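Worksheet: the structure to be examined is printed underneath.
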Amino acid sequence: MSLNLFATEENSDRPLPPLAERMRPTTLEGFVGQESLVGEDKILSNAIRNTQLFSMIFWGPPGTGKTTLAKICANSIDAKFHQLSAVSSGVKDVRKVIEQAEMLQKQQTRTILFIDEIHRFNKGQQDALLHAVEDGSIVLIGATTENPSFEVISPLLSRCRVLRLHPLEEHHLQTILHRALEHDVVLGQANITLSDNAEALLLESAGGDGRRLLNVLEIALQQIQQSAD
């Protein structure tokens, strides 16, 4: 096996993004899992296909596709995509996005505001979203690992659909793993072969989390490369 997991992007001194980011799908066709939402004639696939997106809250464990689906939604309607973390962002950040969204709305461009860990927003921060969600200035997509009924204020919940995501099943994880080994810009050139036992251990260690699966794979291969150097 010969590979450089620390390769840089062509004509750039910046290192490549992590494997999980490199393998993030940009369309529903490439998305794995959550068939109850994105399968044929399901609520989210219909909304994306018909470009009739609505404000929503993705509720589910880590690594199940919440951020990826938010970005796919934005791509599907050619919307401006803003991502905020509830841990590090406040009312000022929310209002700035809303002001930009209102200007873009006049140019017939929609804005998707994705808030990761929205359950960490306090009442005042959530209140700042209400009017913009109500009048359609923004399409709000929140992500949370906690039950939003307990963490999100009722007025905001009433303006959003709560969509439940579930841990990825073994066949989903297997698809993600094989795609990475075959199609990643780095791994795809390395002709890596995993034994059945190694693959089983990787799938088990992921615990239904696609991001964890790819992170563990990348770390393991980095350690092998460093040992060989």
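The values are calculated or read from the model by the stated rules, or taken from the named source; none is laboratory data. Owing to the predicted nature of the structure, the values given are computational and were not obtained by experimental measurement. Virtual Cβ from ideal backbone geometry, glycine too; neighbours counted across all protein chains shown. Only protein heavy atoms, including side chains, enter the accessible area calculation; ligands, DNA and RNA are left aside. Shrake-Rupley method; radii C 1.70, N 1.55, O 1.52, S 1.80 Å.
Test ASP184 against the stated conditions and say whether it is surrounded by 18 or more Cβ atoms within 10 Å (Cβ to Cβ), under 20 Å from the mean Cα position of the chain (by Cα), under 24 Å from THR64 (Cα atoms) and modelled with pLDDT under 95.
yes
Filter the stretch 112-135 down to the residues that are among the aliphatic types (A, V, I, L, M) and open to solvent by less than 20 Å² (accessible area, probe 1.4 Å) and list them by number. Please lay out each step first, then the result.
Here is the first cut: in the stretch 112-135, the residues among the aliphatic types (A, V, I, L, M) are 112-113, 115, 118, 128-130, 132-133.
Correct list: ILE112, LEU113, ILE115, ILE118, LEU129, ALA132, VAL133.
Which of the residues belonging to the stretch 78-104 are within 25 Å of THR27 (Cβ to Cβ) and open to solvent by 70 Å² or more (accessible area, probe 1.4 Å)?
ASP78, LYS80, GLN83
Please go through (1) open to solvent by 30 Å² or more (accessible area, probe 1.4 Å); (2) modelled with pLDDT of 95 or more; (3) not small (Gly, Ala, Ser) for LEU168 and return the number of the only condition it doesn't satisfy.
(1)
So which pairs qualify, if the first residue must be in the stretch 84-106 and closer than 19 Å to GLU134 by Cα, the second must be surrounded by 14 or more Cβ atoms within 10 Å (Cβ to Cβ) and hydrophobic (A, V, I, L, M, F, W, C), the Cβ gap must be under 6 Å, and the two must be at least 6 apart or on different chains?
Final answer for the pair search is VAL91/ALA128; ASP93/LEU84; VAL94/ALA128; VAL97/LEU113; ILE98/ALA132; ALA101/ILE138.
Six or more apart or on different chains, Cβ atoms under 8 Å: show the pairs whose first residue is in the stretch 41-60 and under 20 Å from HIS166 (Cα atoms) and modelled with pLDDT of 95 or more and whose second is of a type in the set (Lys, Arg) and in a helix (DSSP H, G or I).
Pairs found: PHE58/LYS66; GLY60/LYS66.
When you check ALA143 against the structure, is it under 18 Å from the mean Cα position of the chain (by Cα), within 30 Å of LYS96 (Cβ to Cβ) and open to solvent by less than 80 Å² (accessible area, probe 1.4 Å), yes or no? Show your work before the answer.
Working: under 18 Å from the mean Cα position of the chain (by Cα): yes; within 30 Å of LYS96 (Cβ to Cβ): yes; open to solvent by less than 80 Å² (accessible area, probe 1.4 Å): yes.
So ALA143 fits the description; yes.
Go over the candidates LEU3, LEU16 one by one and state the one that is touching a strand residue (DSSP E or B) at 6+ places or on another chain (Cβ under 7 Å), at pLDDT below 95, open to solvent by 20 Å² or more (accessible area, probe 1.4 Å) and among the hydrophobic types (A, V, I, L, M, F, W, C).
Values: LEU3 fails: touching a strand residue (DSSP E or B) at 6+ places or on another chain (Cβ under 7 Å).
Only one candidate passes the filter, namely LEU16.
Of the residues that make up the stretch 48-66, is at least one touching a Ser or Thr at 6+ places or on another chain (Cβ under 7 Å), open to solvent by 60 Å² or more (accessible area, probe 1.4 Å), among the polar types (S, T, N, Q) and at positive phi?
Yes, the conditions are met somewhere in the stretch 48-66.
Check off (1) modelled with pLDDT of 95 or more; (2) of a type outside the set (A, V, I, L, M, F, W, C); (3) in contact with a Lys or Arg (Cβ under 8 Å, 6 or more places away or on another chain) for THR8 and give me the number that stays unchecked.
That leaves (1) as the condition not met.
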